1. Can you tell me which residue in segment 18-51 is least open to solvent (accessible area, probe 1.4 Å), limited to those that are within 18 Å of the chain's Cα centre (by Cα) and among the acidic types (Asp, Glu)?
2. Pull up segment 1-17, narrow it to residues that are open to solvent by 100 Å² or more (accessible area, probe 1.4 Å) and either modelled with pLDDT of 90 or more or more than 21 Å from the chain's Cα centre (by Cα) (or both), then point me to the one that is nearest to Ile103 (Cα to Cα).
3. Could you please find all residues in segment 69-99 being of a type outside the set (A, V, I, L, M), assigned to a loop (DSSP other than H, G, I, E, B) and either touching a residue at least 12 places away in the same chain (Cβ under 8 Å) or open to solvent by 100 Å² or more (accessible area, probe 1.4 Å) (or both)?
4. If a residue has to be assigned to a loop (DSSP other than H, G, I, E, B), within 27 Å of Gly102 (Cβ to Cβ) and free of Cβ contacts under 8 Å to residues at least 60 places away in the same chain to count, how many in segment 21-68 make the cut?
Amino acid sequence: QKTFFQASNPGQFESDGEALWQRGHVPESIACHGRVGINTDAPDEALVVCGNAKVMGRVMYPSDSRAKQNIREVDTNEQLRRITQMRLVEYDYKPEFASVMGIKDT
């Protein structure tokens with residue numbers, strides 16, 4: 001799968017003073033060493049997308065079975081005992097976070 005980014009200046013990714021974009025080690029790739037924000041200028045994670053995202057392929061999560069081996073069944077009685085020891089909470093989002101993230105039901 002190829003990913004393309006267009007810059008107004010062909011060398012823009014290497015020359016911008018504050019930009020941390022570089023050509024990747026893999027052909028047709030770029031890398032950003034820092035945080036990336038889409039529709040936000042204050043990302044607080046590696047990638048923050050404020051809006052909808054469309055993925056035309058697979059998304060692999062660290063918990064995805066394709067990344068694991070030796071998967072086996074567990075003793076359900078022991079797991080239920082452990083669940084009863086968990087701390088469960090309810091919460092409301094802070095208004096400033098909810099408004100930035102477009103969350104209406106806090």
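1. Top of the filtered list is Asp44.
2. Just the residues of segment 1-17 that are open to solvent by 100 Å² or more (accessible area, probe 1.4 Å), to begin with: 1-2, 4-6, 8, 10.
Going one step further and asking which of them are either modelled with pLDDT of 90 or more or more than 21 Å from the chain's Cα centre (by Cα) (or both), we end up with 6, 8, 10.
Numbers: Gln6: 31, Ser8: 34, Pro10: 38 Å.
So the residue we want is Gln6.
3. Taking segment 69-99 and keeping what is of a type outside the set (A, V, I, L, M), we get 69-70, 72-73, 75-79, 81-82, 84-85, 87, 90-97, 99.
Still in the running and assigned to a loop (DSSP other than H, G, I, E, B): 69-70, 72-73, 75, 85, 87, 90-94.
Answer for segment 69-99, where residues must be of a type outside the set (A, V, I, L, M), assigned to a loop (DSSP other than H, G, I, E, B) and either touching a residue at least 12 places away in the same chain (Cβ under 8 Å) or open to solvent by 100 Å² or more (accessible area, probe 1.4 Å) (or both): Gln69, Asn70, Arg72, Glu73, Gln85, Arg87, Glu90, Tyr91, Asp92, Tyr93, Lys94.
4. Qualifying residue count for the region: 23.
The values are calculated or read from the model by the stated rules, or taken from the named source; none is laboratory data. Everything numeric here is computed off the predicted structure, so don't read it as measured data. Neighbour counts run over all protein chains shown; Cβ positions are idealised from the backbone, glycine included. Side chains are part of the model used for accessible areas, which takes the heavy atoms of the whole protein and leaves out ligands, DNA and RNA. Shrake-Rupley method; radii C 1.70, N 1.55, O 1.52, S 1.80 Å.
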